[in-house]
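**Q** Dropping a structure here in structure tokens format, bear with me for questions.
The values are calculated or read from the model by the stated rules, or taken from the named source; none is laboratory data. All values reported here derive from a predicted model rather than from experimental measurement. As a convention, Cβ positions derive from the backbone with ideal geometry for all residues, glycine included, and neighbour counts pool all protein chains shown. Surface areas here come from the heavy atoms of the whole protein model, side chains and all, with no ligands, DNA or RNA. Shrake-Rupley method; radii C 1.70, N 1.55, O 1.52, S 1.80 Å.
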Amino acid sequence: MASREIETHSPEETIERGREIGAGLKLPVVILLSGELGAGKTTLTKGLASGLGAVGEGEVTSPTFTLVHQYGREPRVFHVDLYRVRDFEDLETLGLEDIFSAPAAVIVEWAEKFSFRTGWPTVRIHLDHVSEDTRRISITEEPGELG
């Protein structure tokens, strides 16, 4: 299990680091994002989706109200926001099992609300709000059970 930590000092730098992380990932992959409100999860996702080659960062928006966004066709990137999901029953209504039917990148904000087991390689990213523009980003990669 590989772990590393980086620090960013602006939203633009957070997007750039996300782009670098995304460019290094292979599908399928689950990216679990955690951190307090305003820590930069959606900002990092802009870079992740761009680095994965699915969409430009300007096209990524928070799925807080729609709960799931899909970007791109090849590769497919799903962006899930669990902020408003209250319980397992709410989670089941999202139809997430369909997302895992073909290789994709699944980025989950507020992942700490529920546990996920897919067998896919997982990247856990925690964002800490150090100061107004500074974020500490802790990244842990876990191999999947598929192979």
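**Q** Restrict the search to the stretch 5-38; then list the trypsin sites (Lys or Arg not before Pro) that DSSP places in a loop and that have at most 13 other Cβ atoms within 10 Å of their Cβ. Can you show the working numbers first?
**A** Details: sites: R17, R19, K26; in loops: K26.
Within the stretch 5-38, the qualifying trypsin sites (Lys or Arg not before Pro) (loop, at most 13 other Cβ atoms within 10 Å) are K26.
**Q** On to the next question. In the stretch 1-53, what is the volume of the convex hull around the alpha carbon atoms, normalised per residue and reported in Å³?
**A** Working: hull volume 4.7 nm³, N = 53.
Residue-normalised Cα hull volume stands at 89 Å³.
**Q** So, one more: Over the stretch 75-147, what is the percentage of antiparallel beta bridges among all DSSP beta bridges, to the nearest 5? All intermediate terms of the calculation are to be shown ahead of the outcome.
**A** Values: 8 of 13 bridges.
That works out to approximately 60 percent antiparallel.
**Q** Using +1 at the C-beta of Lys and Arg and -1 at the C-beta of Asp and Glu, which of L127, A105, G35 has the Cα lying farthest in the positive direction of the dipole of the stretch 12-147?
**A** Checked the options; the winner is A105.
**Q** Run through the stretch 101-147 and list the trypsin sites (Lys or Arg not before Pro) located in a DSSP loop whose Cβ has at most 10 other Cβ atoms within 10 Å.
**A** Values: sites: K113, R117, R124, R135, R136; in loops: R117.
Within the stretch 101-147, the qualifying trypsin sites (Lys or Arg not before Pro) (loop, at most 10 other Cβ atoms within 10 Å) are R117.
**Q** So which residue, out of A111, A102, A54, gets the largest mean-square fluctuation from a GNM of the chain using Cα contacts under 10 Å as springs?
**A** Ranking A111, A102, A54 by mean-square fluctuation puts A102 first.
**Q** Just to compare against my own numbers: the Cα pair-distance distribution for the chain, 5 Å bins, whole % per bin, please.
**A** Taking all Cα pairs of the chain, the binned fractions are 2, 10, 21, 25, 22, 14, 5, 1, 0 percent.
**Q** How much accessible area per residue does the chain have, in Å², with a 1.4 Å probe?
**A** Per-residue value: 52 Å².
**Q** So, one more: Scan the stretch 27-130 for GluC sites (Glu not before Pro) in coil per DSSP, keeping those whose Cβ has at most 12 other Cβ atoms within 10 Å, and list them by number. The partial results should precede the final answer.
**A** Working: sites: E36, E57, E59, E89, E92, E97, E109, E112; in loops: E36.
Counting only loop positions with at most 12 other Cβ atoms within 10 Å, the GluC sites (Glu not before Pro) in the stretch 27-130 are E36.
**Q** Give the carbon-plus-sulfur fraction of the accessible surface of the stretch 82-147 in %, rounded to a whole number; probe 1.4 Å, heavy atoms of protein chains only. Don't jump to the answer; show the numbers that get you there.
**A** Details: 1740 of 3830 Å².
Reported share for carbon and sulfur atoms: 45 percent.
**Q** Can I ask one more? Under a point spin-label approximation (7 Å from Cα along Cα-to-Cβ), what is the E5-R86 distance to one decimal in nm?
**A** Spacing of the two 7 Å Cα→Cβ label points: 3.7 nm.
**Q** Let me ask something additional. Would you mind telling me the share, in percent, of accessible area of the stretch 25-78 contributed by carbon and sulfur at probe 1.4 angstrom?
**A** Numbers: 1220 of 2360 Å².
Heavy-atom surface of the stretch 25-78 belonging to carbon and sulfur, 1.4 Å probe: 52 percent.
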